[in-house]
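Comments concern the structure below.
The values are calculated or read from the model by the stated rules, or taken from the named source; none is laboratory data. All values reported here derive from a predicted model rather than from experimental measurement. Note that each Cβ is placed from the backbone with ideal geometry, even for glycine, and that neighbours are counted across all protein chains shown. For accessibility, only protein heavy atoms count, side chains too; no ligands or nucleic acids. Shrake-Rupley method; radii C 1.70, N 1.55, O 1.52, S 1.80 Å.
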Amino acid sequence: MTALALGAILALALISCKGGAADENRSPGESVYRSRCQTCHALPKPVKMSDADWPAFIHDHAERAKLSAEQIDQVLTYLISSN
Ligand code: HEC
């Protein structure tokens, strides 16, 4: 009974997470990017750099934005899929 109830709550949480209102189409990388990469300057456009240039460039700014290794990966994935 308890396990069932827990399972139901978990399933609900997962569903509401996926169907979240404003963030519906936003990847984790884009969220990190939008929240952390415009504290010092306007949000740069992903098309500003090529797939080859972003990975080399991002580390300097990711360090400034104090991103974790996982967040860097997410941001990179977003940038490279949107340029
Ligand atoms: C602590 C401040 C700071 C944070 C946070 C920051 N930047 Fe920057 N960024 C700068 C400064 C200062 C410049 C101006 C040029 C330079 O110093 O490289 C800049 C310039 C840029 C440019 C333009 C470079 C060019 O040659 O045109 C891009 C693109 C960029 N940042 C991307 C990012 C991304 C992506 C993030 C998030 C991971 C980020 N920045 C976070 C400080 C920051």
Given (1) at pLDDT 95 or above; (2) open to solvent by 90 Å² or more (accessible area, probe 1.4 Å); (3) more than 11 Å from the ligand (Cβ to nearest atom), index of the condition VAL47 fails: (3)
Inter-residue pairs, beta-carbon under 7 Å, first outside any helix (DSSP H, G or I) and in the stretch 62-80, second open to solvent by less than 30 Å² (accessible area, probe 1.4 Å) and near the ligand (Cβ under 7 Å from one of its atoms), 6+ apart: ALA65/CYS37; LEU67/VAL75
